[in-house]
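The values are calculated or read from the model by the stated rules, or taken from the named source; none is laboratory data. These numbers come from a predicted model, not from an experiment. Cβ placement follows ideal geometry from the backbone for every residue including glycine, while neighbour counts extend to all protein chains displayed.
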């Protein structure tokens, strides 16, 4: 009985969500199974340099698309795991705060397969550099006197039917407030789409801006640096405003994506800080709404601070929240350690 019991303990530990951080590359909608856009990358786990494996050229194109592999480094017609691909993986791990191994380990592949923003990542100047906010090249911003007012409007011909216009408007109103609370910029909705500073729309596939969408759970959205004002969302996604009513495994929180893309519209590039809203990926049914210190410092360096914003009070609140998270993680770690001791004890018996 004891060996059998120990097997059950080992099975429990191996299936624990705190041990494996991988995502499952399939999801279910209306009893039908679908796959993530980048689901085929799962087969590359633990593949090493020098290996030939069918489809590795698609992974090279992925790294090229998001800024980790230059065109002259690609050799995209071959399915060989070469030195350039290893370097791209190392850059990717450094940028996104992953263990720098140069290998396609489970944590790295989990991040690669996650739905994300379509804006390419800006690479750190050196591997292991301090994680922090980034800007677009030449640090563009809206060049207007402060305090500033920016208008936004929704494309009348590029909308989705799954959400009401009222729900969409409410989501974006809240999303803009997150940023307006920390900088002296006011965002006002207008019905004049042609003259609005920020133009928002939902699009399918190739929609004429050179950044085609790729289907469900791939690129979720993209926005352009100041003063373009273009904000495009993939119409193929299952956009949600309330996870209590939207039960789909593939649902994506519209407000979280809106908050992220507004950061791009203001001039922020992707950060290396995983908890920040400007981190590039967002998993299905995940919410990431509240600006972190990294987001706030980055945007305030461009526009200054909202006079009603108290950074000290925010910092104390943020630290308290982080302490609570760290406490929960510590408790889970201690439970995991006790379970390990229990397994050793049972096996010894």
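Tabulated values for the structure
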quantity: Entirely in segment 46-111, the helices (runs of 4 or more DSSP H) that have 3 or more residues that are outside the structural domain of residue 274 (by TED's automatic domain parsing), crowded, with 16+ Cβ neighbours inside 10 Å and in contact (Cβ under 8 Å) with a residue 24 or more places away in the chain; calculated: 56-65, 83-95
quantity: Criterion (in contact with a helix residue (DSSP H, G or I) (Cβ under 6 Å, 6 or more places away or on another chain) and surrounded by 21 or more Cβ atoms within 10 Å (Cβ to Cβ)) met by exactly one of 262, 200; calculated: 262
quantity: Number of the condition not met by residue 118 [criteria: (1) out of contact with any helix residue (DSSP H, G or I) (no Cβ under 7 Å at 6 or more places or on another chain); (2) farther than 21 Å from residue 136 by Cβ; (3) in contact (Cβ under 8 Å) with a residue 40 or more places away in the chain]; calculated: (2)
quantity: Selection from segment 174-190 of residues that are in a helix (DSSP H, G or I) and without any contact (Cβ under 8 Å) to a residue 60 or more places away in the chain; calculated: 177
quantity: Segment 285-308: number of residues that are crowded, with 22+ Cβ neighbours inside 10 Å and in contact with a strand residue (DSSP E or B) (Cβ under 9 Å, 6 or more places away or on another chain); calculated: 3
quantity: Residue check, residue 80 in contact with a strand residue (DSSP E or B) (Cβ under 7 Å, 6 or more places away or on another chain) and modelled with pLDDT of 90 or more; calculated: yes
